[in-house]
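What follows is a short report on a single structure.
Just so you know, all these numbers are worked out from the coordinates, no wet-lab data involved. Please read these numbers as outputs of a predicted model, since none were measured by experiment. Cβ sites come from the backbone with ideal geometry, for glycine too, and all protein chains shown count toward neighbours.
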Amino acid sequence: MDKKINSKKPSTLCIHEGNVEDTTFGSTVSPIYMGTSYKYSQSENRYPRYFNTPNQEGLSKKIASLEKGEKALVFGSGMAAISTTLLSFLKKGDHVVFQKDLYGGTTNLINKVFKNFGIKYSLVTSDIESIKKAICSDTKIIYVESPSNPLLKIIDLEKIGKLGKEKKITTIIDNTFASPINQQPIELGIDVVIHSGTKYLGGHSDISAGAVISTTQNIDCIHEMAKNLGGHLSDYTVWLLERSVKTLSLRVAKQNENALKMAQFLSKNSNINKVYYPGLESHEGHEIAKKQMKNFGGMLSFSLKDNVNADLFLKALKLIPVSLSLAGVESSILQPHLTSHVLLTDSERAEQGISSQLLRFSLGIEHIDDLTNDIENALIQL
Ligand SMILES: *Cc1c(COP(=O)(O)O)cnc(C)c1O
């Protein structure tokens, strides 16, 4: 790792690190290399599915520097990054400890695919004691998300990292909700960091991508599996994502600010039962979040009081779209029980605290007054 490069601040790295130099014309921005055919040599053969085109390597370097990792790979989706990473560390008979409240696609992958390959796993609650208890002699991976979806639960990453090192178990975090601007898990002792680049890294709701960041040794191992599974990102999209990451720190700073203001605003509204945001002192993970996050992120959830009709409330919103996904420059809101958690049974949802009154809110970069006005006006109409 180049210490001098990594000592630069994230906002600088977003812009200057890993750009592809234009040696022909001297353009300030990276040229796009769309080629699928390169001169071959004994040392290196470039090919998009080998994850080593100039643009893929440049963006990987930028993302690795933001997460303070030695190396990274960029993928065609978050799930491509997650599945490739898990399969590169696991074989038949191995065991994984997963946190229960994972991204729905990850839960689906585990439940539908792992059994067929003889990979064992435990799904446990988001606390270190439950994770410790689930570890057995075959455990190869501990896999967590913090803040988690949709209740923004916080897990102590330093403790997870330490536990992994003690037991010689690889620790992996899906860091999508925090973004590398708010949380750098490698510094806290976590081995592997994964992102759905479709969210904050892309940030404009128009790119599907994924990334994994770790040591050279781990990434080289994931790279071998990645070439076999072929979940790479096309060079044009790599180039677009590089462009998006240039504004990552600006966007996330505004999203952090808007989310905190919105959480405070919602906490004071009599139609709202509870607000889940790690930046609020009332949040059960607030103290740990303060310790391990640089800021609390752009995501929050809140539950409406039982007498407020959630469907009518969402219909009454004029500015904020009711839509899937998150982390765009536009704010968006959704009902987890109909979307990310629709595949769970009623009792599983109840156990995780996901009622039909719960709404997940992704804050964009609009002016906060327009956002709070939209919420207030929608509530007044009910
Ligand atoms: C969206 C998301 C994913 C999956 O990413 P895709 O790009 O949709 O494949 C994984 N983890 C989290 C936390 C997400 O929000």
Whose amide H sits under 5 Å from the amide H of residue 20, counting only residues 5 or more places off or on another chain, with H placed in the peptide plane? 30
With -39,500 (n - 2.57) per DSSP H segment of 4 or more residues and division by the full residue count of the chain, the 222 nm estimate, nearest 500 deg cm²/dmol, is -11000 deg cm²/dmol
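Does the stretch 157-281 classify as rounded, prolate or oblate by the C-alpha gyration tensor (a ≥ b ≥ c root eigenvalues; a/c under 1.5 gives rounded; else a/b over b/c gives prolate, otherwise oblate)?
Numbers: a/c = 2.67, a/b = 1.36, b/c = 1.97.
The shape class here is oblate.
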What number, in percent, do you get for the relative contact order of the stretch 129-181 if the mean sequence gap of Cα pairs under 8 Å and at least 6 apart is divided by its residue count? 43
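Using Cα-Cα distances under 8 Å and only pairs 6 or more residues apart, what relative contact order does the stretch 130-288 have, in percent? Walk me through the numbers on the way to the answer.
Values: 194 pairs, mean separation 30.8, N = 159.
Dividing the mean separation by the residue count of the stretch 130-288 yields 19 percent.
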Please give every one of the aspartates and glutamates within straight-line cross-link reach of residue 92, meaning a C-alpha to C-alpha distance under 17 Å, and leave out same-chain neighbours fewer than 8 residues apart. 138
Residue by residue through the stretch 319-331, which ³J(HN,Hα) values in whole Hz follow from phi under the Karplus form 6.51 cos²θ - 1.76 cosθ + 1.60 (θ = phi - 60°), with glycine and proline marked x? 9, 7, x, 8, 7, 6, 6, 7, 6, x, 5, 8, 5
Skipping prolines and chain starts, which residues have an amide H placed within reach, meaning under 5 Å, of the one on residue 233, given they are 5 or more residues away or on another chain? 76
Each residue of the stretch 98-109 in order: what ³J(HN,Hα) in whole Hz does its phi give by Karplus 6.51 cos²θ - 1.76 cosθ + 1.60, θ = phi - 60°, with x for Gly and Pro? 10, 5, 5, 7, 8, 3, x, x, 5, 4, 4, 4
Based only on other Cβ atoms within 10 Å, what is the fewest-to-most ordering of 122, 282, 65? 282, 122, 65
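Between their Cα atoms, which of 112/162; 68/261; 153/290; 9/254; 132/162; 133/159 are more than 21 Å away from each other? Intermediate results must be reported in sequence, preceding the final value.
Details: 112/162 31 Å; 68/261 29 Å; 153/290 13 Å; 9/254 17 Å; 132/162 11 Å; 133/159 14 Å.
Violating the 21 Å limit, Cα to Cα: 112/162; 68/261.
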Search the structure for amide H atoms under 5 Å from the amide H of residue 151, placed 1.01 Å from N in the peptide plane, and list their residues when 5 or more places away or on another chain. none
GNM on the chain, C-alpha springs below 10 Å: top fluctuator among 306, 235, 156? 306
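Only Cα pairs under 8 Å and at least 6 apart count here; give the relative contact order of the chain as a rounded whole percent. Present the calculation step by step, with values, prior to reporting the outcome.
Numbers: 771 pairs, mean separation 65.1, N = 382.
Across the chain, relative contact order equals 17 percent.
Need one number: convex hull volume per residue for the stretch 1-129, Cα atoms only, in Å³.
Once divided by residue count, the hull of the stretch 1-129 is 187 Å³.
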Could you derive backbone 3J(HN,Hα) for the stretch 351-360 from the dihedral phi with the Karplus parameters 6.51, -1.76 and 1.60 (θ = phi - 60°), listing whole Hz in sequence and x where the residue is Gly or Pro? 4, 8, x, 10, 9, 6, 8, 7, 10, 9
Just to be sure I follow: if Rg is taken over the C-alpha atoms of the chain and Rh is the Kirkwood radius over the same atoms, what is Rg/Rh? 0.97
